[in-house]
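Working notes for the structure below.
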Amino acid sequence: MFRDVEELDFVGPWEVFTASAALREQPGEAPDRAVLVAAGSQPIRCSKGLRIIPETTFDSHPPLDFVLVPGGLGIRREAENPQLLAWLAKVAEPADWVTSVCTGIDRRATVGQRCNGSGWEAAGNASRVATLPSSGGA
């Protein structure tokens, strides 16, 4: 998460993943869990004014099977943030899936993920939604 993240780019997927986790929960197994990760633990103001508090940080998150990079005006500012780019490169390798919404795909390209997709164009060559297996493969 980052300042000026687009709310719809993470709140919609958050609802889908948490609902799926609830439906897939099995007795005796740890349930799937969605977490909001940011560089620090301070509140973040989103592009439309919603304020969120990250659950965990780049240094303290649990293992991530699935990484979603949201878009928004803030991702353009973060394009050169070495801390964010290094973290994305680090978590992309072991993840089963790395995906993005809207302009979030630009950051995946920066850390070496292939960028495929179709449909809605945003910020030049970025696709509205793109889903790819990470280089770790799924």
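Key figures for this structure:
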quantity	calculated
Pairs where the first residue, in the stretch 69-96, is within 18 Å of residue 9 (Cβ to Cβ) and touching a residue at least 60 places away in the same chain (Cβ under 8 Å) and the second is hydroxyl-bearing (Ser, Thr, Tyr) and not in a helix (DSSP H, G or I), C-beta under 8 Å, 6+ apart	70/100; 71/100; 72/47; 73/47; 74/47
Residue under evaluation residue 31, criteria (1) in contact with a helix residue (DSSP H, G or I) (Cβ under 6 Å, 6 or more places away or on another chain); (2) in contact (Cβ under 8 Å) with a residue 12 or more places away in the chain, criterion not met	(2)
Residue ID - modelled with the highest pLDDT, chosen from residues in the stretch 80-113 that are assigned to a loop (DSSP other than H, G, I, E, B) and either in contact with a helix residue (DSSP H, G or I) (Cβ under 6 Å, 6 or more places away or on another chain) or surrounded by 15 or more Cβ atoms within 10 Å (Cβ to Cβ) (or both)	95
Filter result (under 19 Å from residue 73 (Cα atoms) and surrounded by 14 or more Cβ atoms within 10 Å (Cβ to Cβ)) within the stretch 31-59	36, 37, 38, 39, 44, 46, 47, 52, 54
Selection status of residue 28, at pLDDT 95 or above and farther than 20 Å from residue 100 by Cβ	no
Selection count, the stretch 41-83, where residues are under 15 Å from residue 4 (Cα atoms) and not aliphatic (A, V, I, L, M)	17
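The values are calculated or read from the model by the stated rules, or taken from the named source; none is laboratory data. Just so it is clear, the model here is predicted, and its values are computed rather than measured. Quick reminder, even Gly has a Cβ in these numbers, built from the backbone with ideal geometry, and neighbours come from all protein chains shown.
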